[in-house]
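First up is the structure itself, then whatever we jot down about it.
Every number in this text was worked out from the coordinates using simple rules, so none of it is lab data. Note that the coordinates shown come from a computational prediction; the quantities given were computed from them, not determined experimentally. Every residue, glycine as well, gets a Cβ built from its backbone with ideal geometry; the counts of neighbours run over all protein chains shown.
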Amino acid sequence: MKSLMLLLSSVLHDMETLCCVSTSLDIKTIETRVKHEGLSFLTITLPDFAKDFERSLELGKVDHLLFRSFAFQKGLPRFLGGFLDRVFDRSSGCILLNPDVDCIFAIRQITLLCGKMKLPCSDSRVASAYDGFMECELDVIRSTGRLLGNARTVRAYQRVSALLFRSIFSQIANRLYSGEYMPKHGPGSTADRIVGNHKYGIREWSLRLEEEFPFMEHLSSSFGLAIANLECVDVREPWNERPVRVITVPKTLKTPRIIAIEPSYMQFMQQAILEMIVEETNRDYILKPLLSSLDQIPNQEMAKIGSLSGELATLDLSEASDRVSNQHVRLMLSRWPLLDRAVQATRSRKADVPGYGLHHLSKFASMGSALCFPFESMVFLTVVFMGIEQELMHPLTMRDIKSFHGKVRVYGDDIIVPTEYTRSVVDLLEAFGFKVNQRKSFWNGKFRESCGKEYYNGHDVSITRVRRMLPKQRKHVEELESTVSLRNQLYLAGLWKTVNYLDGVIERLIPFPATLDTAPGLGKLSFLGFESHKLDSDLQRPLVRGAIVRRRLPVDRLDDYGALLKFFLKRGIHPHADKNHLERAGRPDSANIKIGYFHSY
């Protein structure tokens, strides 16, 4: 806690220098409230201040219903008042004609610094998250019932989705029919707790999968071996399928993120469909500018344009993946029965929810399924164009869709639409059962946010966040790596006092030379260039003495037919990057710091 307070004080002093605003009273306020409220003031209360501030930028004024945890002095909160006075008029609370962009950045950097630290939530907040997961399930059932009861909306949804995706769906269906696809295992955990190379020896399948993807064609490297192992594979009936395992992962201290871990055999075939979706989307010249599962940069660039011109709105959805109903996906795929059967076969139907037991899922999939992200993006894009169609007052054509290149884009639940269609799009999203996060959606003012980048009037006001507690010992490897990354991000942002403080924290634990960001060890970025302690006589490249992180993969030997299957499932013509991939695999089970020489770049 003390180290975080010193870090935040350093940030305040940097902002004081940047904006020529005194922060002595603000520092005292933070110290007093942390003493009484603890870490939650830094991780929950201050981020709430930032959300209210962003909402005020959107409204063009400070509403007294906002900033409820802070005292007001006339029309503005007293806390960070020196910065707020340069953005809003204190007497009226209205935004100034030319608000100080540096002060906007300063307020956001101070209040959001500790907002997303990877710390465990309290048991009560975890339990509340599971309650919310189940409540969301009930909302999905209700909203789906309303949708299916409106035949006109269903027909419009199917027509618009077919117009957008008929090309890629037809191509994927053809590839499924001809067998032009290849499954693969993902890197993550599985519901059956199989990891690493052991995934190539799975002997579990489901009857639903068997009907579309026979295990004899996918689990073995040869047909003869499949015949020999015929009795070794446990083909589960639908009532006996392994459920997804619902867990929480750190998001914020206010609430954790809910994800669902898929069984290994489901994940195996989901990856095959995902790969086809990504490949066909990137080949489609109509769809590629509107939708992406890989590239966030176009969304960020459009957010900048929207902040400058006001012509583009950025929308954000709450609980986005958990509110996409399976019926949304089935209606979308109704004209492609082969693809529909394949997607349904790879969809888990049941979840094991802590505190609730086994539960039949109405949602399509939670985060954790390989197909969650692409299908939620396609559903949202369809609803967006349905909203646009309502405003145009005529059925969409392909020419209409092409005219929205550079104006509409969806990346998961980050949605960008023209401002003039925002109201119609928001209303339709909510009619479909989705929740538009009003605190993170912007279309009135000059503030825009999308895919981790924020802009005000064309100026980048994105901030840097602390992800982990600061390290106290060299053995705190993850904390040390995170702090080095934080230091380098703050250096590029020009927060020199904070960088100086972090340099002191790091240099007490490890040697910390100046390197380029491509160096294999832990080094500091510097506009003055990199250091050189000696020369590599073989490669004629400079070497520096510093800290190198060594990660050890768990022992996971794979041989025989499992190794052969891994070879056949490999993508590309190049060999595996790790020559020991048949000896060790999975995620690292340990990490340590070694002091030695490494290249400066």
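To the nearest 20 debye, what is the magnitude of the charge dipole of region 78-204 about its Cα centre, counting +1 on the Cβ of each Lys and Arg and -1 on the Cβ of each Asp and Glu? Working shown, then result.
Working: 18 positive and 12 negative charges, 98 e Å.
That gives region 78-204 a dipole magnitude of about 460 debye.
About its Cα centre, the chain has a charge dipole of approximately 820 debye under the convention of +1 per Lys or Arg Cβ and -1 per Asp or Glu Cβ, with nothing else charged.
The simple Förster model, with R0 at 41 Å and r as the Cβ-Cβ distance, assigns SER590 and GLU237 a FRET efficiency of 0.50.
Determine which residues of region 193-218 fall in the zone a paramagnetic label at HIS360 would reach in this model, i.e. backbone nitrogen under 18 Å from the point 7 Å along Cα→Cβ. Zone members listed by number: 207-208. Taking Cα centre as origin and charging only the Cβ of basic (Lys, Arg, +1) and acidic (Asp, Glu, -1) residues, the dipole magnitude of region 123-456 rounds to 560 debye. Highest-first packing order for the peptide set 281-292, 97-108 is 97-108, 281-292, based on the mean count of other beta carbon atoms within 10 Å. The label point for HIS394 and the one for ASP536, both projected 7 Å from the Cα toward the Cβ, are 6.3 nm apart.
Each of LYS199, LYS254, LYS566 was scored by other Cβ atoms within 10 Å of its Cβ. Listed from fewest to most, they are LYS254, LYS566, LYS199.
Counting other C-beta atoms within 10 Å, and keeping those with at most 10, which DSSP coil GluC sites (Glu not before Pro) do you find in region 254-360?
On the way: sites: GLU275, GLU279, GLU280, GLU301, GLU311, GLU319; in loops: GLU311, GLU319.
Of the GluC sites (Glu not before Pro), not one in the loops of region 254-360 has a Cβ with at most 10 other Cβ atoms within 10 Å.
Considering only C-alpha atoms, what is the centroid distance from region 232-303 to region 61-125, in Å? Comparing the Cα centres of region 232-303 and region 61-125, I get a distance of 36 Å. In this simple spin-label approximation, LEU6 and THR32 carry label points 7 Å from Cα along the Cα→Cβ vector, and these lie 2.5 nm apart.
Got the relative contact order for region 477-599 handy, in percent, Cα pairs under 8 Å and 6 or more residues apart?
Values: 171 pairs, mean separation 31.7, N = 123.
With pairs under 8 Å counted, the relative contact order is 26 percent.
At 0.36 nm per residue, minus the direct Cα-Cα distance, what do GLU135 and ILE286 gain on full extension? Give it in nm, one decimal, please.
Contour length minus the Cα-Cα distance gives 50.6 nm.
Is the chain best put as rounded, prolate or oblate by its Cα gyration tensor, with a ≥ b ≥ c the root eigenvalues, rounded for a/c under 1.5, and otherwise prolate when a/b is larger than b/c, oblate when not? Since a/c reaches 1.5 but b/c is at least a/b, the shape of the chain is classed as oblate.
Ordering LEU84, PRO99, ILE44 by Cα displacement along the dipole of region 2-115 toward the positive end leaves ILE44 in first place; charges were set at the Cβ atoms of Lys, Arg (+1) and Asp, Glu (-1).
As a length-normalised measure over Cα pairs under 8 Å and 6 or more apart, the relative contact order of the chain settles at 17 percent.
Any chance you could run the full-extension gain for SER22 through SER91? It's 0.36 nm times the residue separation minus the Cα-Cα distance, nm to one decimal.
Working: separation 69, 0.36 × 69 = 24.84 nm, distance 2.02 nm.
Separation in residues times 0.36 nm, less the Cα-Cα distance, equals 22.8 nm.
Here each label is just a point 7 Å from Cα along the line to Cβ, and for MET182 and THR255 those points are 4.1 nm apart. The ranking of ASP89, ASP559, ASP14, ASP427 from fewest to most other beta carbons within 10 Å of each one's beta carbon is ASP559, ASP427, ASP89, ASP14.
Ranking LEU148, ILE297, ILE172 by Cα position along the charge dipole of the chain, where only Lys, Arg, Asp and Glu carry charges on their C-beta atoms, puts ILE297 farthest toward the positive end.
Please state the relative contact order of region 2-115 as a whole percent: Cα pairs under 8 Å, 6+ residues apart? Write down the numbers at each step before the final one.
Details: 117 pairs, mean separation 33.8, N = 114.
Once normalised by length, the contact order is 30 percent.
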